[in-house]
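The values are calculated or read from the model by the stated rules, or taken from the named source; none is laboratory data. Here the structure is a predicted model, which is why all the values come from computation and not from measurement. Don't worry about glycine lacking a Cβ; one is built from the backbone with ideal geometry, like all the others, and counts go over all protein chains shown.
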Amino acid sequence: MTIDLSTPPVPFSFEVYPPKSEASTVALHETIRELAAAGPRFISVTYGAGGSTGGRSLDLLRFIRSETAVSPLAHLTCVGNTYGAAKALIREFLDAGITSFLALRGDPPAGSEDDESFLGDLRSSAELVQLIDRVQAECAPYTEAVIPGVPGAARVERRAKVDIAVAAFPNGHPRSRHPREHIDALLAKQAAGATLAITQVFFHSDDYLSFVGRSREAGVRIPILPGIMPITSRSRLCRVLELSGEELPAELAIALEVEPTPEGQHDVGVAYAADLAREVVAGGAPGVHLYAFNDHRTVLAVLRDADVLSHTIQKEAVR
Ligand code: FAD
């Protein structure tokens, strides 16, 4: 399975996170089925830095792989890992048939400094990109694959070459030491073998479009997929700003502030994200990647409002 961004009309993809309980697992599986029915290029699954979600991430990736026709994409972080542990982890994912990765550094625990020993042996995601590539090359050329819909059955198949995506930061990384550092980092990730970049959340299409322009001038050639997050409540806005270090988007903040009901705030967030999606696609984005927050209704509504998803598919997918 490979990540294909070339098929019209507008390719789209989703990010979900692993379930936290048995009850949420059942609901998430249903959400995954709804998202898959819309025809995304891939569904990515986050990974807790330091391995906090390891097994649950892999279980969910296995579910996507065996129960849907969509390619799963595994986030992997290197923070806190020894070289040997990182190799073993990558091998475990490859052995489960996962062939698409988002290689990330991950963030150290809050309040800690980056030069502390828990950062581990790999200091940047570029090193993780190289390691994934190396482990894949060392693996046996054949693997056992599950046969969807036939419990317990497996077939031997040739291992697919891995696709490795990386993170990009249209407004810079909050810890960057100089304004170009995030573009230099993206160049290093490309040189290490990354084939796709997915951006951090941003709130204005110009942030993305000017970043792509600056990246291209600097020599970045890989597709840069805009990461779009529907902000459907004031509390979500606060949380996202805290985590991403992005500046408060005044227009969106005011629109959420004046909207008295949760339903109204939800509609504000959907409309804002749909406008953003429409603008970046009009500006040449190779597709849109939606942060789904494990809820299919909101992201499918964004795609419908942005005219990315046909109304027929939307009707079938959102029952
Ligand atoms: P690197 O490639 O190693 O760093 C590159 C950039 O970060 C450079 O621009 C550099 O300027 C800057 N930078 C990083 N650290 C420093 C530093 N100490 N000092 C100065 N500059 C620094 N995290 C998770 O834990 N799990 C996930 O599943 C996850 N998914 C993500 C998905 C996307 C699309 C994005 C954009 C981020 C995700 N993150 C996730 C967060 C990510 O791990 C952090 O943003 C992390 O700080 C940087 O990751 P990186 O892979 O870009 O790091």
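Under the condition of being of a type in the set (Lys, Arg) and under 22 Å from residue 24 (Cα atoms), the residues counted in segment 53-109 number 3. Taking segment 256-299, which residues are under 18 Å from the mean Cα position of the chain (by Cα) and not in a helix (DSSP H, G or I)? Passing the criteria: 285, 286, 287, 288, 289, 290, 291, 292, 293, 294, 295. Is it fair to say residue 35 is part of a helix (DSSP H, G or I) and either within 27 Å of residue 306 (Cβ to Cβ) or within 16 Å of the ligand (Cβ to nearest atom) (or both)? Spelling it out, residue 35 is indeed part of a helix (DSSP H, G or I) and either within 27 Å of residue 306 (Cβ to Cβ) or within 16 Å of the ligand (Cβ to nearest atom) (or both).
Of the residues making up segment 63-79, those that are under 22 Å from residue 200 (Cα atoms) and within 16 Å of the ligand (Cβ to nearest atom) number 8. Of everything in segment 1-32 that is within 21 Å of residue 102 (Cβ to Cβ), of a type in the set (A, V, I, L, M, F, W, C) and at pLDDT below 90, the residue that is farthest from the ligand (Cβ to nearest atom) is 1. Restricting segment 210-228 to residues that are hydrophobic (A, V, I, L, M, F, W, C) and more than 19 Å from the chain's Cα centre (by Cα), the residue that is nearest to residue 306 (Cα to Cα) is 220.
Here's the yes/no breakdown for (1) within 13 Å of the ligand (Cβ to nearest atom); (2) at pLDDT 80 or above:
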position: 145; (1), (2): no, no
position: 151; (1), (2): no, no
position: 162; (1), (2): no, yes
position: 166; (1), (2): yes, yes
position: 169; (1), (2): yes, yes
position: 183; (1), (2): yes, yes
position: 197; (1), (2): yes, yes
position: 204; (1), (2): no, yes
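In segment 50-69, the residue that is surrounded by the fewest Cβ atoms within 10 Å (Cβ to Cβ) out of those that are aliphatic (A, V, I, L, M) and assigned to a helix (DSSP H, G or I) is 58. Test residue 67 against the criterion of being over 16 Å from the mean Cα position of the chain (by Cα) and over 16 Å from residue 139 (Cβ atoms), and give yes or no. Here the answer is yes, as residue 67 does meet what is asked.
Residues considered: 234, 221. Of these, the only one that is basic (Lys, Arg) and either within 22 Å of residue 94 (Cβ to Cβ) or surrounded by 13 or more Cβ atoms within 10 Å (Cβ to Cβ) (or both) is 234. Residues in segment 100-118 that are over 22 Å from residue 183 (Cα atoms) and either at pLDDT 95 or above or more than 9 Å from the ligand (Cβ to nearest atom) (or both): 100, 109, 110, 111, 112, 116, 117, 118. The sole residue among 72, 18 that is within 25 Å of residue 226 (Cα to Cα), within 17 Å of the chain's Cα centre (by Cα), touching a residue at least 24 places away in the same chain (Cβ under 8 Å) and assigned to a loop (DSSP other than H, G, I, E, B) is 18.
Do we have residue 180 as farther than 30 Å from residue 267 by Cβ and more than 22 Å from the chain's Cα centre (by Cα) here? Yes.
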